[in-house]
Amino acid sequence: WKQSPPSLLDTLIKMFMEIGSVPVANQVIAGQGGLQMFLIFLAFVSVPTLLLPKPYLLKAQDEEKKAREAEEARLLHGDEELGQVASEPEAAPEAPPKKEEAGGGHGHGHGEFNFEEEMVHQMIHTIEYVLGCISNTASYLRLWALSLAH
């Protein structure tokens, strides 16, 4: 560098304030502006990627489980009707497991699957993760600035 090396703090701040524009004199690597745009794009795309898949996958699993249980009940009920015609005594049908005991297919073990509840739960986790990332970055920058000050 002909001048002093680029400031990391200034580079990180300008990465968000002036997306993609890095003067050649301040570049750490060639093509830094494009790389910064890609990293910012990746950060913004990761938020819906963290938020959306889990609730929709759990919803699909719950729907498959309900369809499977309905099919099993239909087959069991159909078999019982055929068995009752062939034999005299009536057997009491077994009660299917209660939803509270079965866990509802979403792994938490309390009640039926509720998509809205699962989406809110995932939103909370996503917000916590994003805030944690921001907090960790801010802490790192504070420590770095403190080490430069001494």
Subject >> For segment 28-39, Karplus couplings with θ = phi - 60° (6.51, -1.76, 1.60), whole Hz, Gly/Pro x >> reply: 7, 10, 5, x, 4, x, x, 5, 5, 4, 4, 5
Subject >> segment 4-60 - Kirkwood radius from inverse mean 1/r over Cα pairs (Å) >> reply: 13.2 Å
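Every number here is computed from the coordinates shown, using simple stated rules; none is lab data. Keep in mind the model is a prediction, meaning the values are calculated, not measured.
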